[in-house]
Amino acid sequence: MGLVSRGAAAAGLGAASAVVRPGPSDAVPNPVPSPPPGGAARGSSRVPGMVLKAFFPTCCASADSGLLVGRWVPEQSSAIVLAVVHFPFIPIQVKELLAQVQQASQVGMAVLGTWCHRQQEPEESLGHFLEGLGTIFSHEPWLQLCRERGSKFWSCKAIHRQVSAAPDVPNEDQVMLIFYDQRKVLLSQLHPPTVVSDHQDGDAMASTGGLAVVFDTVARSEVLFCSDQYDEGPVRLSHWQSEGVEASVLVELAKRASGPVCLLLACLLSLISAASGCRLWKLWPLPFIRSKLSTCEQLRHRLDHLTLVFSTQKAQSPAQLMRKANMLVSVLLDVALGLILLSWLHSSNRIGQLADALVPVADHVAEELQHLLQWLMGAPAGLKMNRALDQVLGRFFLYHIHLWISYIHLMSPFIERILWHVGLSACLGLTVALSILSDIIALLTFHIYCFYVYGARLYCLKIYGLSSLWRLFRGKKWNVLRQRVDSCSYNLDQLFIGTLLFTILVFLLPTTALYYLVFTLLRLLVVTVQGLIHLLVDLVNTLPLYSLGLRLCRPYRLAAGVKFRVLEHEVGRPLRLLMQINPLPYSRVVHIYRLPSYGCHPKHSWGSLCRKLFFGELIYPWRQGGDKQD
């Protein structure tokens, strides 16, 4: 076994396992190369006159002459060049290297042809020498790429060495040379199109499949790019890392330290999960309270995030890795914002100022509610109310306000300490602090919620009573078993009592509806404030910050497709294109990589919301723990 020399290869005398000795560089080449041994070569089926697409990395445009190594895709008549093998080399070592790469990457690797850079190799016999290498590395078709000396033009050939049965069929194919940035294609992730029209469905799928093959081949052949010019290996290659493998000391230290850190944090999180799943927390009414508090839901959501991020299992796909990165960045940003809020609260005694202002604000709200009830107990807007019912409802709600003011003044000595602990919880993240704020608003406005429930239940009772009595007048009744309205005959006593009750409910309805309307508006105001807080929490929880950062700083990492720019298009010359990556739009980045949110408010359409408000059905703004959505 020996090194391949130009004279021996040009004469067609070398074989993969034969000893080839150096010969004179000006040897006369064999004008008709002998066919490869063992019959037809792989990929020999062809359509006469077809256009072959050769994807060539831009980093190899200035490389020394050698062999083109890559993958041949016969279904698409495409040759994906991954690297250039330089002289001197031993053929059997090149084949062993390709076999190792193929076994590691599961990508069919082969020597596709030869590469000639005449600006560095001025010998005229170089082309003949490179043509002779096809007898050692048999492949159909055999590519011959050459960059002409002192010119920007390239020459591209795809030669079929097999003898065709038809004499008029040419043994060369037209070649379309497509340049691509190997580093960007390797690091990028191609996303298929979301919506394709019917008349473009087939073409779009074929185009996407062809691009996916190129991206997948480069990504899976990463083991081929692990060597550079400083390695003392038997084969010298040119690729995007041939000048030096990209590495960072900080990144390597972080990789080595991430294993023990993740193991330690995973054990700690498992202990916290086991403690939270204790049977003690399942005793009534703890599950009910935990399902209604936004703080408990947010803590459980963050615990799930941390458990997934610090899991010792390796990500199985790029999408799962991107999800972990988005969760980690979301948690880090959440904690950073929480620490900023904590430092702001504990500076200049702002917690004491909030505690001193909280009780007067609660008293002011209670006084305004008292004034509102006194206005309702009179003649609001000149309306004639039922005085007896109006006085009963007004005094009932005034008594609740009196109880609420007493409760606030009873808790006033402990408010500053409670706020201090609430501010301290901001170190767990801004979302935890906002969830606690939402729960505090719910507790401070609990009397408004009680007023809303009382008014809604009373109004709902009258509405359903009126609807039932209206069916009585029409000789109908509601069949509970069949869930439908059926005909029914009533006697005189039933009709008399029904008429009496219907008259009473009709005259009492305006007073009840007015109280229900006022307290419903107050309740909707509180729900709106809580909804804005929850929207901010969901924004921090679900926004894919890492993906958006990649899209902003390195847009090629998230590829929506490619575009081609014409470099050369002249008669008699091969078409040369430059493949450029189209980045994914920001809207699709958010749509694809948006993190799942925990249970949120029951979603109502405007129609169902108006229906619930009209019939007096309760609108629960609390988060439902069992409703999870992606």
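Suppose the filter is surrounded by fewer than 16 Cβ atoms within 10 Å (Cβ to Cβ) and more than 47 Å from the chain's Cα centre (by Cα); does Val453 pass it? Here the answer is no, as Val453 does not meet what is asked. May I ask you to list the residues in segment 395-411 that are open to solvent by less than 40 Å² (accessible area, probe 1.4 Å), aliphatic (A, V, I, L, M) and either within 13 Å of Phe451 (Cβ to Cβ) or outside any helix (DSSP H, G or I) (or both)? The answer is Ile401, and nothing else. For segment 100-137, filtering for residues that are more than 41 Å from the chain's Cα centre (by Cα), hydroxyl-bearing (Ser, Thr, Tyr) and modelled with pLDDT of 75 or more leaves 1. Among the candidates Ala83, Ala54, Ala40, the residue that is of a type in the set (A, V, I, L, M), at pLDDT below 85 and either open to solvent by less than 40 Å² (accessible area, probe 1.4 Å) or more than 40 Å from the chain's Cα centre (by Cα) (or both) is uniquely Ala40. The numbered conditions (1) β-branched (Val, Ile, Thr); (2) modelled with pLDDT of 85 or more; (3) open to solvent by 10 Å² or more (accessible area, probe 1.4 Å); (4) touching a Phe, Trp or Tyr at 6+ places or on another chain (Cβ under 7 Å) are all true for Ile92 except (4). Residue pairs whose Cβ atoms lie under 9 Å apart, separated by 6 or more positions or on different chains, with the first residue in segment 151-180 and farther than 16 Å from Ala61 by Cβ and open to solvent by 40 Å² or more (accessible area, probe 1.4 Å) and the second among the aromatic types (Phe, Trp, Tyr) and at pLDDT 80 or above, are Lys157/Trp142. Checked against the criterion of being touching a helix residue (DSSP H, G or I) at 6+ places or on another chain (Cβ under 9 Å) and modelled with pLDDT under 90, the candidates Phe414, Phe446 yield just one match: Phe446. Residues in segment 370-418 that are at positive phi and hydrophobic (A, V, I, L, M, F, W, C): 1 in all. Within segment 91-106, residues that are closer than 17 Å to Ala219 by Cα have Cβ atoms under 7 Å from residues that are not in a helix (DSSP H, G or I) and not hydroxyl-bearing (Ser, Thr, Tyr) in these pairs: Leu98/Val69; Leu98/Met109; Leu98/Ala110; Val101/Met109; Gln102/Gly108; Gln102/Met109, counting only partners at least 6 apart in sequence or on another chain.
Got at least one residue in segment 328-339 being touching a Cys at 6+ places or on another chain (Cβ under 7 Å) and under 27 Å from Ala257 (Cβ atoms)? There is at least one residue in segment 328-339 that is touching a Cys at 6+ places or on another chain (Cβ under 7 Å) and under 27 Å from Ala257 (Cβ atoms). On the given criteria, is Leu577 more than 29 Å from the chain's Cα centre (by Cα), hydrophobic (A, V, I, L, M, F, W, C) and open to solvent by less than 40 Å² (accessible area, probe 1.4 Å)? Considered against the rule, which asks whether it is more than 29 Å from the chain's Cα centre (by Cα), hydrophobic (A, V, I, L, M, F, W, C) and open to solvent by less than 40 Å² (accessible area, probe 1.4 Å), Leu577 comes out as yes.
For (1) open to solvent by 70 Å² or more (accessible area, probe 1.4 Å); (2) touching a Phe, Trp or Tyr at 6+ places or on another chain (Cβ under 9 Å); (3) touching a residue at least 60 places away in the same chain (Cβ under 8 Å), each residue gets a yes or a no:
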| site | (1), (2), (3) |
| --- | --- |
| Ile463 | no, yes, yes |
| Arg482 | yes, no, no |
| Leu492 | yes, no, no |
| Gly498 | no, yes, no |
| Ile504 | yes, no, no |
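The values are calculated or read from the model by the stated rules, or taken from the named source; none is laboratory data. It should be emphasised that the depicted structure is a prediction, and the values quoted were computed from it without experimental measurement. With ideal geometry, Cβ positions are generated from the backbone for all residues, glycine too; neighbour counts draw on all protein chains shown. These accessible areas exclude ligands, DNA and RNA; they are computed on the full protein's heavy atoms, side chains included. Shrake-Rupley method; radii C 1.70, N 1.55, O 1.52, S 1.80 Å.
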